[in-house]
Structure formats: structure tokens, C-alpha cells
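See structure below.
The values are calculated or read from the model by the stated rules, or taken from the named source; none is laboratory data. Owing to the predicted nature of the structure, the values given are computational and were not obtained by experimental measurement. All Cβ positions, even for glycine, are placed from backbone atoms using ideal geometry, and neighbour counts span all protein chains on display. What goes into the accessible areas is simple: the full protein's heavy atoms, side chains included, and nothing from ligands, DNA or RNA. Shrake-Rupley method; radii C 1.70, N 1.55, O 1.52, S 1.80 Å.
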Amino acid sequence: MRSRRLAIALAVVAGGAVLAPLIATPSQAAWTGNQWAYGPAISTSSTNCVTDTGYASTASGQFLSGSLLTTDLDNVAGVQGIRVGMDAAGTATPTPAAGSNGSTELDVMPPTYEAPLNVSALGGALPILNVSNLSAGLTDAGDLGALGQWAQTSGTGTAAGAAGLVTSQGGVDTQDTSGASGPSMPTVATLDLSGILGSAVTSAVADVKAEIGAVSASSQINGCAALESALWGTAPSPAQRAYQVSGLGLDLSAPSLGTVATQVGDTLGTVSSTVNSLEGLTGTLDNSVLGLVTGELGALGLNAVLDASATNSLTITLPNLQTALGTLLTAPLTDGVVTINVSTGDVYVDLTPLLGGADGLNDLAPNTELDLNAAVVSSLVARITTLLNGWTTNITSTLLNAIDSAPVTGGIGIAVNVLGGLYGGINVANVGLSAPAGTTLGGILSGATPLSTSTSEGTSTLLGTVLSLLGININSLLSGLLGTLTNATAAVQSALKTGLIAPITALGSTLSGITGPVISGAGSALGALPGVLSLMVNVEPDQPCPSTTGEAVPAWDPSCGELASASAYTRATADSTAQYLETALRVSVLDGGAVSALSLATASAGPVTLPSGG
């Protein structure tokens, strides 16, 4: 009688009154026989979900499945996961068999099996997929567990599967709860998209990769309770499914950014040597003033009897510009979404805050498409532009501020003396430009602290005799020389700008010449991604696609059609539940017109079939 009544109820379920699953909050729960939550127990004389046996059930866990380019992962040994089928007699049969490909029967009841993912089995099977980092930073102890595949079935109608970051009890969690000093979630898979993007990848952006963080999925069903719910018409809760994705990002390689430090170092060397050439009696600053004084003597018609020479010079104490830059040439640039390692040229884009919800990529509705659309790409390019332009501006402004702060002491002195003859060398007049206390290069360049000017006549006791013999009016001479000092101040400013400021300005242009192609290259590569890459999380084939809260799946991606196909999962029948699949992340790629899809962390529970003859 029991079987007949349940069969009638299940026929209704199969005909349209589907048992809507409740999506469980991801946790570190373990699923042994005593840990199932049945909801309100309905006990009849013919049905007891605690003691009744004879149910046939199936469960599985598989970390990698699907296909990528021309490779079908179902044909790659060592990565097919673990599948456990239990028949009505209570015999559990694992595939692969225990002891094969790492499959192990755990010492718990009901029968439970786990199988670690055999990374080495992949070899070169997927040229664009790198999973060599799968076990990095992970252990099979404590909260974090290890990357693996897990399945459990029972004769009382329960079934559970898990894949990804799981414990030996099937607990699922990709959240790092170990504290600040504990291990962090690694990148478990890297998908190289450079070849697929083709000409969109320029020399400025050498590589484009999708970085996939730790993922996990679980599915569990109490088939007896589900069938009983269908019989009595109570609120069904046939399956609990959960998934987690710790992170998802894009990695771009822009090696030219690593040359910035060299360019800056060359410029600093130029500035340092320029300071040395500016100072001293034969330096550029003294020579610029000396030339003006000599020119004035010529204008007065005195260059045949008088000459000029430098007697003093300004001293510039330039700070250590490399020290002034601090960590500007090494510290990563980040705005929380884009992070740029300026030393290596690595540009990382964290897609989680852009495409996820309040809990990142977790707790999203079933079959949510992570829409990497044109608006998202434009936002990313703008972020990269802001970071790089801000960085180069910061470098040049830091150097200019350091140069501006350099103390300037002393002064330029020019002596005007008799040229040759009996009185040769007698000092006739002196002119000078001196730096007041507290003068800086910035003050001189801006005019905020102008150099003081001065003229004086010589102090020789023979000066009057010399001036009379040479026919020189000392007042006219001093007045003419004083007039030249105005031009001399401008000449000093010009020499300082040419020697110290111009190299920094040129550096800014050089750095823009490096970052500009990186920005445009990033725009080209990122702009092509929506046409070749589709990302879907919380994939459940029995649920509508796309989710009403998600974005439209790209027209080229057949994901929704495949999920709705008859082969996507096993439907409920008159005497069995449906199969409940959960995939944490599905990555679809379009390459040369061919679409392939890779599923990461897929768990399956069910079908669970009624005992026969009950």
C-alpha cells in the first residue's frame, strides 16, 4: 500500500508539482547519518524515514568536469570524481572502486567515499588551464579542509555529494576562518585567455588570464522525506544545496611597467650630475651671470680695458631624491578592485566586488550570470587609467617638491678688474647675487625668495688714479652693472629650470609613453572578453536560466539551452526523486566559433528510488 500511494504522489511531482529545493546557507556542516535535518517528522504505520531501508540512491562529487577547447574531461583519468550508487539491497558501489585513483572508503556510516583530485593526471590535457596550485596553502586539518571529491549514500534514502574545498566529512566552506595568521585562499585554477583573445592582446599587455579562487559545492537529499512530503502534501524540502566561490579575477601582464624604475633612476642620475655642473666658479650659474657682466662692459665700451671673473658661487644642497620617492617605485597600486604590481607589471582585477553581491560571489540566485559587459570593462579601464596616471604624476610631483625644498646658500660674485698694463688686476667694481637666509630652489624659481643684488666699487688706493687714467665714470659703471643683475636673476632661474626641472618634466612624458600603451592594451584585451568568456555561478539545471536576478547569458553561450536539455539532469519519476546538481562555477569559452564549458566543483544528490514491493 505504501508504494502505491507514494507512486501516485510522485506521478504528480513528475507531472509538474516539482519539489522546490531549499538552498541552504553554506556552512562547515558534516553529513553523517545523525546530522540530517528532516523537518517535521511524519510517521505512519507504513512509512518510517528513520528505520525503513531498501531505497536505492546515488551521489557524486567532481571538481573538474565538462570540456575545454577540444578536450572532454570525462575522458581524462583521475579527474572523473567519485560516484556512489546504492542498490535496494544496501550494497554501495563506488566509481572508481575503492583503492583506485585514490578513492577511499571512510570509516563512517552510511557508506561514504572520497577521492582527491589527481592534478598530475591532467598533464597537458588542457593547455590553457593550469591547476598546479590546487593544493597550495591548504591542509586537510581544521576548518579549511582539502580540495577533494566526496559522496555518501544510504539505504534509508539519504544521499549527499560534495566537491572542492571539503573536509573528510563533506563539510564545505571557502571562507578563511583561521584568523589573520592562518592560510589564505589560493588561486586553484588559472585559465589562459591570451590565445583565445587573439589580436586583442597587444605587445603592451602580454598575457590575459582568468584567476579562479577556491570553490566548493554540496548537494544533499533525504529522499524518503521528500517522497513522504509528496505523499502527504506537506511543504517539500527535498534537497539542500550550497556553493561557495572565494574569488574570481583577471590577471594581465604589462612588463613594460617594470622599466619605470630604470627610467626614474636614469633621470635622478642626470639631475645629480646637473647640480654639480651648476655650482662652482666655472659652473653654469656663475658663467650665466659672468656673461651678462662681460656683455655690459662691451656695451659701455670698456671691454678693451676691463674684464670680469667669478669669485663666489651659490651652493645647492639637493636632498636624496631616491629616498624622497620612498616606496613609490615598488609599492602596489590599488583601489580595492584593480591592483598593479609596478615592479613586475602584473595587473590584477578583482571581479568579485564588481560582479557579486553583498556576500561577494556567494548567496547569489541559481544560474546567475556574472555579466562582464561593456560597462564593467569601461569601469575597469578607467580604474587602470586613474591608478597609472596618478602614479606617474605622484612620481614627478614628489621629485619636483624635493627639488623645490633644496636649500640654496652663498652667492654669485663677479669682480671687474683692469685688463693688463701697469695697473692690470686692480679691482674696479664688484657685483653679486646672494641667497638670503632660508632660501630654497623653489623660492628662487617662483620668485617668492628672490636673490639679493649688490654692486660696489673697488677698494684699492689706486682706484681713483686708475679710473682717471682710463676715463671711467665709476657711477655710470656701477649703474650699468646694476641693471644687468635683473637679467642675471632671470638667467639663474632659466639655468635652474633647464638643469633640474626640465629632466623631471621630460620624465613625466617618458612615463606616460610607458603607461599609455598599457592602458590602451588593457582596454583592448578587456574589451574583447565579453565576446569569448561567460561566467555563471550557483548552477542548478533544474532551476530557470538565467536567474531573474542575474544578467543575460551571452547569445553565443548555449549554457541555458544545455541546462534545460533532457540530459542536463535526471528528472523525477513516479517512484524516484530528481537528481539535484550543484556547480559552484561554470566557465564557458568561445574559441574560433566553438564553445566549450568547464564546470568547477559539482556535487550531485539523487535520484533516490522507492523500495520495491513495499
| Of all residues making up segment 484-518, the number that are in contact with a helix residue (DSSP H, G or I) (Cβ under 8 Å, 6 or more places away or on another chain), among the hydrophobic types (A, V, I, L, M, F, W, C) and open to solvent by 30 Å² or more (accessible area, probe 1.4 Å) | 2
| task | Determine which single condition ARG383 fails, assuming it passes every other condition in (1) farther than 20 Å from SER253 by Cα; (2) in contact (Cβ under 8 Å) with a residue 40 or more places away in the chain; (3) among the charged types (D, E, K, R). | result | (1)
| remark: Filtering segment 340-365 for residues that are within 12 Å of LEU380 (Cβ to Cβ) and either assigned to a loop (DSSP other than H, G, I, E, B) or among the hydroxyl-bearing types (Ser, Thr, Tyr) (or both) leaves a count of 2
| message | Taking the condition of being under 21 Å from ILE444 (Cβ atoms) and assigned to a helix (DSSP H, G or I), how many residues in segment 269-285 meet it? | response | 11
| query | Which members of segment 597-613 meet the condition of being touching an Asp or Glu at 6+ places or on another chain (Cβ under 9 Å) and surrounded by 17 or more Cβ atoms within 10 Å (Cβ to Cβ)? | reply | ALA597, ALA601, THR602, ALA603, SER604, ALA605, THR609, LEU610, PRO611
| message | Filter segment 286-339 down to the residues that are within 17 Å of SER434 (Cα to Cα), in a strand (DSSP E or B) and open to solvent by 40 Å² or more (accessible area, probe 1.4 Å) and list them by number. | response | SER309, THR311, ASN312, THR315
| said: Pairs please, first residue from segment 252-275 and open to solvent by less than 60 Å² (accessible area, probe 1.4 Å), second anywhere and among the hydroxyl-bearing types (Ser, Thr, Tyr), Cβ atoms under 7 Å, 6+ apart in sequence or on different chains. | reply: GLY258/SER343; GLY258/THR344
| So which residues in segment 340-367 are over 26 Å from ARG586 (Cβ atoms) and not small (Gly, Ala, Ser)? | ILE340, ASN341, VAL342, THR344, ASP346
| remark: A careful count of residues in segment 340-349 that are open to solvent by less than 50 Å² (accessible area, probe 1.4 Å) and either among the polar types (S, T, N, Q) or more than 10 Å from the chain's Cα centre (by Cα) (or both) gives 2
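Residue by residue, here is whether (1) outside any loop (DSSP other than H, G, I, E, B); (2) farther than 17 Å from GLY480 by Cα holds:
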position	(1), (2)
TYR423	no, yes
ASN430	yes, no
LEU433	yes, no
GLY438	no, yes
GLY442	yes, yes
LEU445	yes, yes
ALA448	no, yes
THR455	yes, no
| request: Name the one entry in THR484, THR505, THR440, THR461 that is under 30 Å from LEU257 (Cβ atoms) and among the polar types (S, T, N, Q). | output: THR505
| query | Among the listed residues LEU529, LEU533, LEU500, which satisfies the condition of being farther than 18 Å from GLY249 by Cα and out of contact with any His (no Cβ under 6 Å at 6 or more places or on another chain)? | reply | LEU500
| Restricting attention to segment 471-483, which residues are out of contact with any strand residue (DSSP E or B) (no Cβ under 6 Å at 6 or more places or on another chain), closer than 15 Å to ALA299 by Cα and open to solvent by 60 Å² or more (accessible area, probe 1.4 Å)? | ASN473, SER476, SER479
| field | Within segment 568-595, tally of residues that are surrounded by fewer than 17 Cβ atoms within 10 Å (Cβ to Cβ), at pLDDT below 85 and part of a strand (DSSP E or B) | value | 1
| With respect to the numbered conditions (1) open to solvent by 50 Å² or more (accessible area, probe 1.4 Å); (2) in a loop (DSSP other than H, G, I, E, B); (3) modelled with pLDDT under 75; (4) under 23 Å from VAL215 (Cα atoms), which one is the sole condition not fulfilled by GLN80? | (3)
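Yes or no, residue by residue, for (1) buried (at least 19 other Cβ atoms within 10 Å of the Cβ); (2) charged (D, E, K, R); (3) over 34 Å from the mean Cα position of the chain (by Cα):
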{"site": "ALA365", "(1), (2), (3)": "no, no, no"}
{"site": "LEU387", "(1), (2), (3)": "yes, no, no"}
{"site": "GLY390", "(1), (2), (3)": "no, no, no"}
{"site": "SER405", "(1), (2), (3)": "no, no, yes"}
{"site": "GLY410", "(1), (2), (3)": "no, no, yes"}
{"site": "VAL416", "(1), (2), (3)": "yes, no, yes"}
| Subset of segment 193-241 that is open to solvent by 30 Å² or more (accessible area, probe 1.4 Å) and within 30 Å of THR609 (Cβ to Cβ) - its residue that is modelled with the highest pLDDT | GLN240
| Any pair with Cβ under 7 angstrom, 6 or more apart, that starts in segment 451-470 at a residue that is under 17 Å from GLY420 (Cα atoms) and open to solvent by less than 70 Å² (accessible area, probe 1.4 Å) and ends at one that is of a type in the set (Asp, Glu) and assigned to a strand (DSSP E or B) | LEU463/GLU457
